[in-house]
Structures are given as C-alpha cells and as structure tokens.
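Visitor: Structure provided below as structure tokens; questions to follow.
The values are calculated or read from the model by the stated rules, or taken from the named source; none is laboratory data. Everything numeric in this text was worked out from a predicted model, so none of it was measured. Because the Cβ atoms are built from the backbone with ideal geometry, glycine has one as well, and the counts that use them run over all protein chains shown. These area figures cover heavy atoms from the full protein model, side chains too; ligands, DNA and RNA do not enter into them. Shrake-Rupley method; radii C 1.70, N 1.55, O 1.52, S 1.80 Å.
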Amino acid sequence: MRIDQRRFSFLIAGMTVLLLSGCATFSTDGGMQKVADLTQARTGQPVQRANDMSQQDRTDQLVRALLAEPLNADNAVRIALLNNRGLQASLTELGIAEADLVQAGRLRNPGVSFGRMHNSSGAVEIERSIMFDLAGLLTMPIRTRIEQGRFDQAQLQAASTAIALATETRRAYFSAIAARQNADFMARAQLAAEAGAELAQRMQKVGNWNRIDSAREQLFYADTSTALARSRHEEAVARERLIRLLGLWQADTTLQLPDRLPDLPAQPHGSGQMEQQAMMQRLDIQIARRASESTARSLGLTRATRFVNVLEAGYRNKSKTGEPRNNGYEISLELPVFDWGTARTHRAEAIYMQSLHHTADIAIRARSEVREAYSAYRTAYDVSRHYRDEVVPLRKKVSEEVLLRYNGMLASVFDLLSDARLQIDAVNTAIKAQRDFWIAETDLQAVINGGTIASNDAIASDATALPPAQRDH
C-alpha cells in the first residue's frame, strides 16, 4: 500500500506535535516539596534532601548550631530529619520514580532500516524505512497517568519514612534522658550503700553488730554497685541509639541532654475523633489507596492492549536503477493467534483484588492500633501520675518519719539504710513510668499521623527503602 509522501509528512508532523505536547519533564525540586509539606504537618519539623556538597555543608552548620545548646525533643527530630543518612538514601527513591514518570511520557525511539540489493545485470534496488511505535504513542496518556500515581505513591512513602524516623528519634530521646536520670540516681544510691557497708564493718569489729546483718549490708552494697554498672551501660546504649538516629559522627557526639524528663501535662488528651483523624491522615492508608488506583489504571491499560500489543507504523520508500522511486508506508501488527492476552488480564484483575483487600486490612489495623495506642497512653499517664502524686510522696513521708525516730533514738542507722533501699525502688519505678508516658504519647501521635510505629532503631542502620512497584508488563 502506498501513500503520497507529502501526506505522510503531515502525518509524521502531527505525531511529533502530539508526542511533544505529552512529554513529561523533571520537576525542579524532584518531588521533595510535597514530602516536606506532609512531614512538616505531622512532625512540626522540616525535611530536605541534600543534592550537593554545598547544601550538605549548610546542613552541617545548622546541626552544629543546634547541638551547641541543650537538646530538646523538637530539635532532636529536626536534626534527624536533616542529617540521618539512611533517610537521605531513602529519599533518593523519589528520583527513580520521577525518572519512570518522565520515561512514560516519551515515545520509544524510531527504528530505521536500509536494504540494498543488486543483480548480475548491474541493477541496484534500495529499500529504506523508518518505524514509529504507534501503540506506544496511543497509550502514552494512560501510561503517564499510571506512572504519575506511582510517583505520588513514592512521595507518600518517602514522607512515611521521614515520619517514622521522627517517631523513633523522639522515643530514643526520652529513653536517653530516662537512662541518664536513672544512672545519676543509682550513683547516689551506691554512695549511700557504700557508707552503710563501711559502718556495718566498723560496728562488727567493735562487737556492736552481728555477722549476718553486716553481710546483708555488704550484699546490698554489692547489688547496688552492680545495678549502677548496668544503669551506666543502659545510659550508653540509649545515648548511642540517639546518636545513630541523629546521624552524628564521633566528633559530634557531645550531646547536652536535660538532667530529667519533662513534667507530665496537667491533663491527658481525650480520645475524641482519633480513629477518624487517623483514617484521613495516616500515610500508609493513603499509600494503599494510591496503589489500588494505580493498579486499576494498569488493569484498564491491560484490557486496552489485550489484542493489540505491538503496533508500529512508519514511512518506507523503494528505488531501483532506471525506475522511479516508490514511496509509501508500512504497518506492523502482532496478530493474537497464540496469545489472546487473557493471562495478562486475569493477572491484572488478581493484583487489583489483592490491593483492595490489602487497603481494607490496613484500615482495620489502623483503627485498632489507634485504640490500642490510646489505651497505652492513658494507662501510662495514670501510672506515672500515681507514682508522682501518691507513691513517691508517701515514700518521702515514711523516710521523714524514720528519720524522726532515728533522731529520737527509736531507730538505728540501719533502719535508715533499709528505708533507702525502698526509696531506690520507688524512684526508679517512677522514672520508668514517666519515660513510658512520653514514649506512649509519641506512639499515639505516630499511629494517628504517620502509620505503623517503627521498632527499635532500624531506621538508623538502614532506612526503609521504597519497594519496587508491581508493574504489569
């Protein structure tokens, strides 16, 4: 079949205009603005990606300025979001997703063929052709929409990773302060136990104390020394965990942490509409919804290309020695003789149903996690307040009474030391209860705003990477 060369030129020009009008280009921020907005709204702190050394130098200067003063929870989160290298590695996944989006808006390169034949009489026959991927051009809009959805999903995933890091940093921050507070208290308790053991030894030597009671005081001193060593190790572990999350080198590890945990708020949060708020704000739910939408679009593309999978069109001419040139066009079409596309369609439908069930499962889990986190929050608040308002004051009152009895020669110094043991247990438990409250408050905000709580410090060692999207070829 032949066509006038001029008409075919108009056809090629029209295809070129259509192609250029649908081409996607790289954004100026690489998709980071949306990630920054989502993270800022849920953590109160900004996040950015270091694209060059000058920007990294500015980040280092800001981190040093924040570390020059006592560190609070908000500044700890800010440093982690700017300086954690695992998070920076995860944010580079945005570039991969954007590259796929831009690639979806570009037509496959045309193919050019050239053939030359000659016979024994010296006649030469030349064939030339250029082929364009017509099917790719026709499906370009829907492919671009699919990749746009996947790019949006990658942005949500990046924001979710940043929010998980912020949550884990807050937890590590409060744990580090509690560990330091507990180690300081155990150091004072160890000094008191040492004084009691020394006094017991002196009194035993002069015959005013029996051997078994003296051994008990020595045992108490030994137990207190062991507890002090463990508390100092726990302090070092908690501090190093925080350092890893902050992304600090050895030269930057001089953290100025507060001496004690923040006081409890006057009133705890009410349950309110937390479940509904989580349904609207949780990023894992939004990611699952975008995945379902992207899968639905992929299903539509699979059905559209079920019978026509390869369609190419192009210009072709043929010339022969002594004869006028022949011009025309060529269309290449894959015939559905053996493969009618049913397997691809069924696969896409199965993936779509899988994504729907996955989204529903995430929503059910989210509501349950909010209720569970709020129960832990209220329990931690009530227990911490109970120790603050009841147990510790009562223990202090008992100590004062024991001291009065000692001053009235109605109690011995070892009664004071015995009471000190009980004070140690009460204060240590009160510190842990206060720490548990602030961690529970952090977890509650995480399950409402961000998603499932990250465990331990996995983000510090290897930030969660964006899993490759399921693609339907």
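Visitor: Taking the Cβ-Cβ separation of Ala68 and Lys397 as r and a Förster radius of 51 Å, what is the calculated FRET efficiency to the nearest 0.05?
Guide: 0.75
Visitor: Which order do the peptides 166-177, 346-357 take when ranked by the mean count of other beta-carbon atoms within 10 Å per residue, highest first?
Guide: 166-177, 346-357
Visitor: Modelling each spin label as a point 7 Å along the Cα-to-Cβ direction, I'd like the Ala360/Arg405 distance in nm, to one decimal.
Guide: Going by the 7 Å Cα→Cβ label model, 6.6 nm.
Visitor: Turning to a different aspect of this structure: Write down Rg/Rh for segment 33-181, rounded to two decimals, with Rg from the C-alpha atoms and Rh from the Kirkwood relation over Cα pairs.
Guide: Looking at segment 33-181, the ratio lands at 1.36.
Visitor: How big is the dipole moment of segment 162-247 about its Cα centre under a simple scheme where the beta carbon of each Lys and Arg is +1, that of each Asp and Glu is -1, and everything else is neutral? Debye, nearest 20, please.
Guide: About 160 debye.
Visitor: Would you mind estimating how fast segment 125-256 diffuses translationally, via Stokes-Einstein at 10 °C and 1.306 mPa s with the Kirkwood radius over Cα pairs, in µm²/s?
Guide: 75 µm²/s
Visitor: Ordering Arg106, Arg290 by accessible area with a probe of 1.4 Å, largest first, what comes out?
Guide: Order by accessible area, largest first: Arg106, Arg290.
Visitor: Within 10 Å, count the other beta carbons around each residue, average over each peptide in 142-153, 186-197, and list them highest first.
Guide: Packing proxy ranking, top to bottom: 142-153, 186-197.
Visitor: Once you place label points 7 Å from the Cα toward the Cβ at Asp415 and Glu194, how far apart are they in nm?
Guide: Result for the modelled spin labels: 2.8 nm.
Visitor: Same structure, new question: Simple spin-label model, 7 Å along Cα-to-Cβ: Asp37 to Asp184 in nm?
Guide: Placing both labels 7 Å along Cα→Cβ, they lie 4.3 nm apart.
Visitor: Take peptides 32-42, 391-401 and line them up by average Cβ neighbours within 10 Å, highest first, as a rough protection proxy.
Guide: 32-42, 391-401
Visitor: Taking only the Cα atoms of segment 223-270, how large is their convex hull per residue, in Å³?
Guide: Normalising the Cα hull of segment 223-270 by residue number yields 147 Å³.
Visitor: Follow-up question, since we're still on this one. Based on the Cβ-Cβ distance of Arg202 and Glu240, what FRET efficiency does E = 1/(1 + (r/R0)^6) give at R0 = 45 Å, to the nearest 0.05?
Guide: Using R0 = 45 Å, I get an efficiency of 0.60.
Visitor: Follow-up question, since we're still on this one. Quick one: pull the percent of accessible area on segment 159-223 belonging to carbon and sulfur, 1.4 Å probe, ligands and nucleic acids left out.
Guide: Result for segment 159-223: 51 percent of the exposed heavy-atom area is carbon or sulfur.
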